[in-house]
Each structure stands twice: as structure tokens, then as C-alpha cells.
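The structure appears right after this line, and notes come after that.
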Amino acid sequence: MLLNPLNRRHRLRDDIPVMPGAFPLVGHLPAIVCDLPRLLRRAERTLGSHFWLDFGPAGQLMTCLDPDAFALLRHKDVSSALIEEIAPEILGGTLVTLNGSAHRQARDGIKSAFLPRGLTEAGIGELFEPVIRARVQAWRERGEVTILPETGDLMLKLTFYLMGIPAQDLPEWHRKYRQLLQLMLAPPIDLPGTPFRRGRAARDWIDAQSRQFIRGARAHAARTGLINDMVSAFDRSEGALSDDVLVANVRLLLLAGHETTASTMAWMVIELARQPELWDSLVEEAQRVGAVPTRHADLSQCPVAEALFRETLRMHPASSLLPRRATQELQLGQRRIPAGTSLGIPLLHFSTSPLLHEAPDQFRLARWLQRTGPIRPVDMLQFGSGPHVCIGYHLVWLELVQFGIALALTMHKAGVRPRLLSDAEKGRRYYPTAQPSMKIRIGFS
Ligand code: HEM
């Protein structure tokens, strides 16, 4: 594992052990990025359930593997403002960093557009279906693809369509979006030609375009579409919310839905390629329904595709760890956590914990197909919990079921199935978004 062999000293901070092996400046980030599950297991074995991990520039986060830590996401004395400190340029002022009434007010203005009814009224399923089918058909014709760049590109296109960006503007948006992403990692050196300067300029460009969309939405209030729905919900909301809040959150929507969904989609294809019986079940279902569903109400006809989406995300959660801060002293298991402590909530650990799931390391559609009760917060913990639970949950459900059915229909019609051409375990990343290697190839034959 990528740990510093020169740092072996065992230390305590606030009576909680600090994981040895941190490097100067980058801390445990190399091991967190490349091998988070093994790092967590080693920490648990050697230090117990509570320990500090060093996230380099973001500082040390107290990480707790006790399932009680998941409940902190709903705790009134736990804030997400730490996210703004970690990524001020890109996430500053967005929903995910706000708390309390400011958060509720901004979220209320957005959430209805992302609920099944809002998505159906805006015709999102109809909008996505031809785009997904065309992409899957192109894969069929090429016979072999590098899966993560492909799903990344498809998701970006769907996200831009969702926002109502005109087709002719897509190449420019693509370019600006890639530059914006550089702000995540670029050192804050604001000089001409640096990635930081380019990233900021791209952010300002995207924000200016969003402002225009918002003006356009107000001028043509009768139009439908997600931005229009968001703008009218904002304008109806109590208390004045400035357009800055709306602009920041359009940027958040671009960022939040892209890599997370692209990674899950890529893992879905990888799992279908390495488990032939899974593919056979999906094909059987796709043939039975005969068409790609476009409305939420139709998703119940695709239980296998839905189980595939849920089990893929359980085995490969795209958000591995959520940063938080204790605003008051807290009790967590047997420990007292002082006010001001930075926390890391390890969704990745809970997603495959034997305390929460039976046979957690086995990929089993049956755990979803045979369930009788409703989906509980713990069943969808990969989307977080509490006030910040993912707004895109119903959208992801729709687009991943659409994708599964479109893939099965297209490939089966051509008499081919997905085949894994690379080692799926090699080159995985776990942070900031967990994803398979960029190089994994899938053949369709
Ligand atoms: C598989 C795909 C996805 C996963 C695993 C995922 C996961 C998450 C998680 C874990 C959070 C909670 C963050 C926190 O509490 O700090 C979150 C929040 C959020 N997600 Fe997603 N997400 C996905 C897709 C999407 C999509 C498609 C969209 C919209 C286009 C979206 C929009 C958001 C927004 C706006 C928030 C912030 C909500 C708030 O702070 O109130 N996500 N997501």
C-alpha cells in the first residue's frame, strides 16, 4: 500500500489514534485514492473503529467505521461547511455546503424538478432515450470500447441536454467543463496560463451562461425544461433568493451528476461482462418489456435493471467518503468527539459492511428482487442521508434503467454480448469519486 515507511510512530489526537504512514503534504492521499478499502481494513485491525486519516491539503479527518457514524449525516450538530473549505472555488455557495434554513430554502427551489413527477413533466426520459440508444448502437458498430471515457462522455451529454443547452453549443461547454474540473486539483496559483486561472475563467464562463439561461427562462415562462422549472420554483419560494444561489447550483448539478453516474454506468457494463448469467437475466427482461422505459411509472416493469443499478452501486459506491464537521461536542460509540472536529463518513465501508448487508462481498440481484419492504435509507446510503441526500436519486434510477434496457436490446438484437477484455481490478480509484480504471476495455461479440 502507498504508505510512508518512514512514518511509523503511533500518536493520539483527542485520544483517538492517528493512522501512521502519512507523507508530508499529501498525507494518506496516495493510499486513499488507490486503495481506500484496504487502508480502512488495516486501520480497523491495528487501531480500532475510530482513527484519523490525513487528506493532505484538506487536513486530518476523524473516520469512524461504526455504523453509528452514518447517522451523523442526519445529526443537527454536524455541518457540511467543511466541503466549502476543501473545494471553495468550485463548490462555494452551492447547496451541498449550506446548512440549516439557507440550505432548506435553496434545496426547496430545486428538488421538485428532480422528483419523479417533475422529471416526467419535463419529459426527461423521452429526451434521454434516443441519446442513450444512439450511443449504445455506436458501441455495437465499433465492437470494442474503453468503457469509462465512453460513459463519461455520454453522461456529460445527457447532463447538458438536461440543462437545455443547445446542441451547437455542446463542444464549447465540453471544453469549459473540462477546464472547470481542473479547479478540483490545481494548486491555487492565480497566474496567466495556470490550470487554476483557466479553471476560474471556465467557471465564470459557465456561470455567465447559466445567468443567461435563467433570464431566458423568465422571459419564456411557458417553456418547459428543468432550468425553467427550477427558476419558477425559485421565484415562487418565500424570501428573496438571489440569482447567485441559482447559478451556483446549476454548476453543482453539472458536477454532481457527471462522474458519479458515469462510474456507476461503467461498473454496470463491467459486471454484465464478467457475469454471463446477469446478462442473460437482463436480456430476458428487456425482451419482455420490448422498449426503453421513459417514465418513472414504467420503471416497476424493469425489476432486474433496477436491481442491477442498486447492486452495482452497493458494490461500487461512487461517493466513497463524505466530509463533515462537528459543530458541538458529540458522542460517537464509546468516544467523545470535540466541537470543531473534521469528520470523514466512509460510505464505501458501510456499503459493503457485514453489519448492514448479508454476504456483502457477493454480487446478488436477489437481495433486491426478493425484498418485500420499501427501500430504507440504509439501502440507498450510496446517495448519502439526511438533509443533503442526493437530489439526483430518481434521475439516476431512470437513466441507469434506461441504459441497461437499451444496452440489452441493442446487443441482443445484433447477437452479441459484452465481454471483459481487461483486468477490472487494476487501476481502480476511490477518491474523490470512486471509479474503475480509465483503460478498461469491453468488447461486444
Ligand atoms: C450514481 C450517481 C450519484 C451518486 C452516487 C450520488 C451521490 C451523492 C451523495 C453521496 C450526495 C450527498 C453529499 C453530501 O451529503 O455531502 C449527493 C448530493 C447531491 N447530488 Fe448526487 N449522486 C449521484 C448523481 C447525481 C445526479 C445525476 C445529480 C443531478 C443532476 C445529483 C445531484 C446532487 C446534488 C444537487 C446534491 C446536493 C444535495 C444537497 O446538498 O442538498 N447527483 N449525491
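Multiply the residue separation of Thr194 and Gln287 by 0.36 nm, subtract the distance between their alpha-carbon atoms, and state the gained length in nm to one decimal. Display every interim value, and only then the final one.
Numbers: separation 93, 0.36 × 93 = 33.48 nm, distance 5.17 nm.
Roughly 28.3 nm would be gained on extension.
For region 66-443, the normalised intensity computed at q = 0.07, 0.15 Å⁻¹ comes to -0.32, -1.53 (log10 of I(q)/I(0), Debye sum over alpha carbons, equal scatterers, no solvent).
What base-10 log of the normalised intensity I(q)/I(0) is obtained for region 75-196 from the Debye formula, alpha carbons as equal point scatterers, at q = 0.18 Å⁻¹? Here the Debye-derived log intensity ratios amount to -1.19. When a/c is below 1.5 the answer is rounded, else prolate if a/b is larger than b/c, else oblate, so apply that to region 120-267 with a ≥ b ≥ c taken from the square roots of the Cα gyration tensor eigenvalues. Judged from the Cα gyration tensor, region 120-267 comes out oblate (a/c at least 1.5, b/c at or above a/b). When Rg and Dmax are taken over the Cα atoms of region 275-322, they come to 12.8, 40 Å. Among Gly164, Gly100, Gly340, the largest mean-square fluctuation in a Gaussian network model of the chain, built with springs joining Cα atoms closer than 10 Å, belongs to Gly100.
Here the relative contact order of region 107-205, from alpha carbon pairs under 8 Å that lie six or more residues apart, stands at 17 percent. In a reduced charge model with +1 at each Lys and Arg Cβ and -1 at each Asp and Glu Cβ, the chain shows a dipole moment near 600 debye about its Cα centre. Between Arg376 and Arg175, full extension at 0.36 nm per residue minus the direct alpha carbon distance yields a gain of 68.4 nm.
Between Val304, Val269, Val416, the Gaussian network model of the chain with springs among Cα atoms under 10 angstrom shows the greatest mean-square fluctuation at Val416. Reported value for region 1-106: 117 Å³ per residue, from the convex hull of its C-alpha atoms.
The helix-only estimate of mean residue ellipticity at 222 nm for the chain, built from DSSP H runs of length n ≥ 4 each weighted as -39500 (n - 2.57), is -16000 deg cm²/dmol after division by the residue total. Only Cα pairs under 8 Å and 6+ residues apart enter the sum, and on that basis the relative contact order of region 224-336 stands at 25 percent. Tell me, what is the percent relative contact order of the chain, built from C-alpha pairs under 8 Å that lie six or more residues apart? The value is 23 percent. Available extension along the chain between Met1 and Ala138 is 45.4 nm, counting 0.36 nm per residue and deducting the alpha carbon span.
Values quoted throughout were computed directly from the atomic coordinates according to the rules given, and no laboratory measurement underlies them. On a predicted model such as this, the values are computed, not experimentally measured, just so you know. Note that each Cβ is placed from the backbone with ideal geometry, even for glycine, and that neighbours are counted across all protein chains shown.
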